[in-house]
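We did not get these values from a lab; they are worked out from the coordinates using the rules stated. Since we're looking at a predicted model, the values are computed, not measured. Note that we place each Cβ from the backbone using ideal geometry, even for glycine, and neighbour counts take in every protein chain shown.
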Amino acid sequence: MDNKPLQQGAIITFVAYLLWGIFPIYWKLLDHVPAGEVLAHRIVWSLVFMIFLVLVTGSWRQFIETIHMLKKDKKKTIAIITASIIISINWFLFIFSVQHGHVLQASLGYYINPLISILLGIFVLKERTTKGQILSFILAGIGVLYLTLSYGVFPWISLLLAMTFGLYGLIKKTVNLHAMYGLTIETLVITPVALFYLIFIPSEGSFTFAPFFTSDNLLLIGSGVVTAVPLLLFAAGAKRIPLAMVGFLQYVAPTIMFFLGVFLYNETFTVHHMITFALIWAALIIYMASIYRDTPRARRRNKEQKA
């Protein structure tokens with residue numbers, strides 16, 4: 001059996017999560033620019049970069065066909081517009097959390113995200129769940145509740161990051177568009193709002209046309225590239241590896257964020273945080289164990305049904 005596609009998929013997916021993990025360093029370089037302004041530039045330059053990719057790869061015709069397909073399907077059109085709004089909120093929250101010294105909350109949010117996805121799968125997609133997955137969700141809930149009651153801080157950034165990314169993933173799963181076309185359309189939908197913000201909302205003057213090649217300009221323009229590249233790498237890598245491996249690799253990003261928050265940005269890390277993270281990590285271990293245990297069973301059932 002040729003393991004090359006599996007190895008390539010694992011490496012590509014790992015690189016995607018590695019890039020997501022070090023994102024706080026990038027946004028920290030722009031912490032003097034309002035989060036709304038950074039978000040607006042991120043959306044606009046993501047669209048520019050995606051259109052460039054569509055043209056370079058010779059996929060313009062397929063992209064136009066995808067748009068025509070969406071025009072004929074109102075449900076998918078509404079879904080993609082909703083996805084655009086939700087991912088924009090997620091992007092804003094992440095930028096805001098990094099700029100205001102809440103990298104640990106962002107990390108916690110992406111640890112919680114798979115558990116939110118479990119809930120969405122159960123209640124929206126009517127997916128079957130296991131006792132281990134239910135236990136993992138209960139432990140995570142206890143962790144969040146403990147942090148809220150003992151530390152006196154409700155981790156709203158963590159929960160909103162987890163919920164918005166979970167909802168975004170749910171919509172993407174139901175719409176099922178090509179990754180490159182999907183991201184291009186999503187940024188195209190929200191770009192008019194971003195342009196309105198940049199034109200009419202007073203800014204800090206971070207982006208200038210003369211001189212053009214300033215550090216802020218390059219970072220804001222580059223935000224489009226750093227947004228699109230990990231998403232495209234993930235789409236290319238994830239389809240080559242088992243879902244269980246994707247589930248394992250997704251914890252690379254929040255783990256890197258966790259260490260950045262504690263050791264690079266010296267964010268406050270108390271005993272209450274430690275207990276909360278311990279409960280979340282325990283929940284994730286149980287969750288991953290349930291996935292690995294359940295996958296062989298599912299394969300056996302499929303083989304029995306085919307036989």
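Which of His32, Ile87, Met180 sits closest to the plus end of the dipole of the chain, meaning its Cα is farthest towards the positive end, when Lys and Arg get +1 and Asp and Glu get -1 on the C-beta?
Met180
Which ³J(HN,Hα) values, rounded to whole Hz and listed in residue order, are derived for the stretch 7-20 from phi using the Karplus coefficients 6.51, -1.76 and 1.60 in 6.51 cos²θ - 1.76 cosθ + 1.60 with θ = phi - 60°, glycine and proline given as x?
5, 4, x, 5, 5, 5, 5, 4, 4, 4, 5, 4, 5, 4
What are the ³J(HN,Hα) couplings of the stretch 190-206, residue after residue, when phi is run through the Karplus curve with 6.51, -1.76, 1.60 and θ = phi - 60°? Round to Hz, x for glycine and proline.
8, 4, x, 5, 5, 5, 4, 4, 5, 7, 9, 8, x, 10, 7, x, 5
With N denoting the number of residues in the stretch 4-306, provide Rg(C-alpha) divided by 2.2 N^0.38 Å, to two decimal places.
In units of the globular-protein estimate, the stretch 4-306 measures up at 1.04.
Once you charge only the Cβ atoms, +1 for Lys and Arg and -1 for Asp and Glu, what is the size of the charge dipole of the stretch 40-168 about its Cα centre, to the nearest 20 debye?
Charge dipole, the stretch 40-168, about its Cα centre: 440 debye, nearest 20.
Rank these for me by crowding, Phe196, Phe94, Phe137, going from fewest to most other beta carbons within 10 Å.
Ascending Cβ contact count within 10 Å gives the list Phe196, Phe137, Phe94.
May I ask which residue of His100, Gly247, Gly261 lies farthest towards the positive end of the charge dipole of the chain, with charges of +1 (Lys, Arg) and -1 (Asp, Glu) on Cβ and the Cα centre as origin?
Value computed over the given set: Gly247.
Normalising by the residue count of the chain, find the relative contact order in percent from Cα pairs under 8 Å and 6+ residues apart.
The normalised contact order for the chain reaches 41 percent.
Using the beta-carbon distance between Lys28 and His178 and R0 = 41 Å, what value does 1/(1 + (r/R0)^6) give for FRET efficiency, to the nearest 0.05?
The formula returns an efficiency of 0.80 here.
On a full-extension model of 0.36 nm per residue, what is the gain between Glu65 and Leu218, subtracting their alpha-carbon distance, rounded to one decimal in nm?
Residue separation times 0.36 nm, minus the Cα-Cα distance, leaves 51.8 nm.
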